[in-house]
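Step one of this worksheet: look at the structure below.
The values are calculated or read from the model by the stated rules, or taken from the named source; none is laboratory data. As the structure is a computational prediction, the values presented were derived from the model and not from experiment. Positions of Cβ are generated from backbone atoms using ideal geometry, with glycine treated the same way; all protein chains shown enter the neighbour counts. Heavy atoms of the whole protein, side chains included, go into the accessibility calculation; ligands, DNA and RNA do not. Shrake-Rupley method; radii C 1.70, N 1.55, O 1.52, S 1.80 Å.
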Amino acid sequence: MGQHIMEQSRYEFFASMLLGRPDLLKLYSVDAQAFTGPDRDKNGVIIIQNNEIFITSPLPGGKPAVISALHPVILKINQQTITAPTQVTACDQISWDICEKPQYQITVSDDKLKVYFTLYRAERYAWNLVNNPASANVTVRAELNRDVVLSTLSIEQIIAGFEKSPLIGNLNIPALYEELHNPTYLPVCIAEGKAPVPGTDASLELLFPGNLEHEFNRGEQTASDADRQVLPPVREGEVFARKLPPIEGLPGFDVFGYVLPPPPPQDITLVAGASASLQPCGRIKSLRNGRPRITGSGSFIKTIDFPEVHIIPENGEALAGIIMFPGDVVVHRDIEQHTVIEALGNVYIYGDVYNSTITATGSIMVRGRVVDSGIYAGAFGVMHNRLCSFSKLLMQEVGGLREAARLLAETVESVQRTVKYGLVVLLLLENKYNHLPAMISNLQELLAGMSPAYPQDNEPLKRMLNIFLHPGQFTRFFTDNVLSSFEKLLMDFYDAIAFLQEENVRIDIAGSHGSMIKSGGNLHIHEEGITKSKLFSSGNIYFERHNSVCEYSTVEATGNITAQTVGQDAASASALLAGGKITVRRIQNTSVTVGEYSAAITAPEEDIEFTAESLQQRNQADTDAACPAAD
């Protein structure tokens, strides 16, 4: 870099300031002809050399020098930290420091059960300012000097930082020592509390055989039609269930030594129907023969009753149309074309099912095959029960009508005009919501088909439905409160049906073709298997027979799938999806998914178990084989 030329007076100033510093002084030379230079030569200047900052004030007519700093340099002028370019003169006091990342960090987990030590570097090095020749505008920079080690982090220094902390008595000293001498630079747990042990929620223990094989006999029936029904698992006078009370958990402690109480266990409330009696110590006794129905799945209110049984004999007219029953339905024959069975209990079918829909809030047992049909049990039985689906859809539409009426009334009133709320509702029913009368008629038809055995009192809902079928006669009656009451009646009706969903439900079929099968619990295929069907289970799916097959189908379970033969050839490809694991005796031409990992199985494989871990390893092996490492 060329030498800088300065006026004589400025050179004399530098000479006096840098006396004995020839390394700085040689940066400048004096040119007598430069005394009459431009005004910019009168500006103040800054020099950085050997970690020192030198500043000259401007000469008359000149401007002060400007200084700034670049991270990690912290620059102070007259003991004030600057964050932007600042003018300085020789009268200002300049100091600098380094703001660098700490050598380590201590973090506490959100639940305060673990403390982590993260090492960034064990050595602390010196920093040097980057030399800068004389300039009127200087940015102060610094660089790490790895040749000068100021200090090395020791375990004593780390422990000293905990002297006044309650963590000191809980530190894992060996873990600290290992990380310092064999650093991984990853978070290392150096202290740990103890999580509280959750208690046990109250539950209902069944004291009778809960498996449905006791309720549904797959063998040949020899009894007369009048006696052919599912054998009752409970006799009159038997104690068939008992409440197990909640059990408190155990407290824990956090890393600071404070007690962590366990979450309180949830109790349950038992409501006994007319045929059940609550005994001391939580025991429940039967007052009649039959099948106990325990409803309230997913809630902490359990209702125990004994549903009535509707029996359809083997001999008689062919089934057709709709069968709605608020209890168990037993069918001793095949179900023919276009039949709908909606039961608020279990359904037992001693034959095949063709082109029909079966819904049950409990379990569904089919001795034969299910062909071109829909079978829905438990939560899915609730969803596909028309009493629930119609009332829920109508409830949503009434809510939309109420909101639209409010907005329309506010719009009219905003222009200082009065409007009758009933006329607003009538206008909407004749235009945007002109589809509502048909929906109301559909629900009315369903309510009319309900037998007196249904426990719900539907008279208030029926009256409200009739009012909204003739809105022109009730314009003075309509208010926002009326629409709100209509919504609540529909919601209460829906909740009453949905609450009859039973626990531990199951679907059991021999096989299926072209059907949709959905179970809110387990799903069991006890004979030949399935083709061109879709199966879903909120529990496990199990194919029992050794020769049971799965072809052209999709099988999905939130738990495990146990199958026999899946996918015979490329044309019969299937898909298996599980949340837990998949166990198969023979498989090919099938897509397999467990959790978030999938694989396409094309070649035949036998006696194999798929888990998320095994699929991850399989995929990694396939990737490695496709992209071999370079020699």
When only DSSP loop residues count, what chymotrypsin sites (Phe, Trp or Tyr not before Pro) in segment 67-149 have their Cβ near at most 11 other Cβ atoms within 10 Å?
none
Per-residue ³J(HN,Hα) for segment 186-195, Karplus 6.51 cos²θ - 1.76 cosθ + 1.60, θ = phi - 60°, Hz, x for Gly and Pro:
10, x, 10, 6, 10, 7, 8, x, 9, 5
If you fit an axis through the alpha-carbon atoms of helix 386-413 and take the longest principal axis of the Cα set of the chain, what angle between them do you get, 0 to 90°, nearest 10?
60 degrees
Nearest-ten-degree value, helix 421-430 long axis tilted from longest Cα axis of the chain
80 degrees
Tell me, what HN-Hα J-couplings in whole Hz come from the Karplus equation 6.51 cos²θ - 1.76 cosθ + 1.60 at θ = phi - 60° for each residue of segment 589-595, using x for Gly and Pro?
6, 9, 8, 10, 9, 10, x
Given a cut-off of 26 Å, name the pairs among LYS432/LYS462; LYS63/LYS101; LYS392/LYS462; LYS243/LYS488; LYS432/LYS518 whose C-alpha atoms lie farther apart than that in the structure shown.
LYS63/LYS101; LYS243/LYS488; LYS432/LYS518
Sorted list, accessible surface of protein heavy atoms, 1.4 Å probe, largest first, for ARG121, ARG476 is ARG476, ARG121
At a 1.4 Å probe radius, which order do LEU615, LEU180 fall into by accessible area, largest first?
LEU180, LEU615
Tell me, what is the 1.4 Å probe accessible area of GLU596, in Å² to the nearest 10?
150 Å²
What are the radius of gyration and Dmax of the chain, computed over its Cα atoms and given in Å?
41.2, 133
Going by average Cβ density within 10 Å per residue, which order do the peptides 262-271, 380-389 take, highest to lowest?
380-389, 262-271
Per DSSP H run of n ≥ 4, the term is -39500 (n - 2.57); total these for the chain, divide by its residue number, and report the mean residue ellipticity at 222 nm rounded to 500 deg cm²/dmol.
-6500 deg cm²/dmol
Name the residues whose placed amide hydrogens come within less than 5 Å of the amide hydrogen of VAL45, ignoring near sequence neighbours (fewer than 5 apart) on the same chain.
THR56, ALA65
Would you list VAL415, VAL505 from the most to the least accessible area, probe 1.4 Å?
VAL415, VAL505
For SER275, other-chain or 5+-apart residues with amide H closer than 5 Å (H placed, Pro excluded) are PHE306
Indicate, rounded to the nearest 5 percent, the antiparallel portion of the DSSP beta bridges found entirely in the chain.
40 percent
Residues of type aspartates and glutamates that LYS194 reaches as a straight line, Cα spacing below 15 Å, ignoring anything fewer than 8 places off in the same chain
ASP110, ASP111, ASP254
The answer for TRP127, listing residues at least 5 apart or on another chain whose modeled amide H is closer than 5 Å to its amide H, is ASN145
Karplus-derived 3J(HN,Hα) from phi for segment 146-157 (6.51 cos²θ - 1.76 cosθ + 1.60, θ = phi - 60°), whole Hz, x at Gly and Pro, runs 6, 7, 10, 8, 6, 6, 10, 5, 10, 5, 5, 5
What does the highest-first list of 189-202, 341-354 look like by mean Cβ count within 10 Å?
341-354, 189-202
Rounded to the nearest 5, the percent of DSSP beta bridges in segment 245-333 running antiparallel is 50 percent
Under 19 Å from the 7 Å Cα→Cβ point of ASN355, by amide nitrogen: which residues of segment 280-319?
317-319
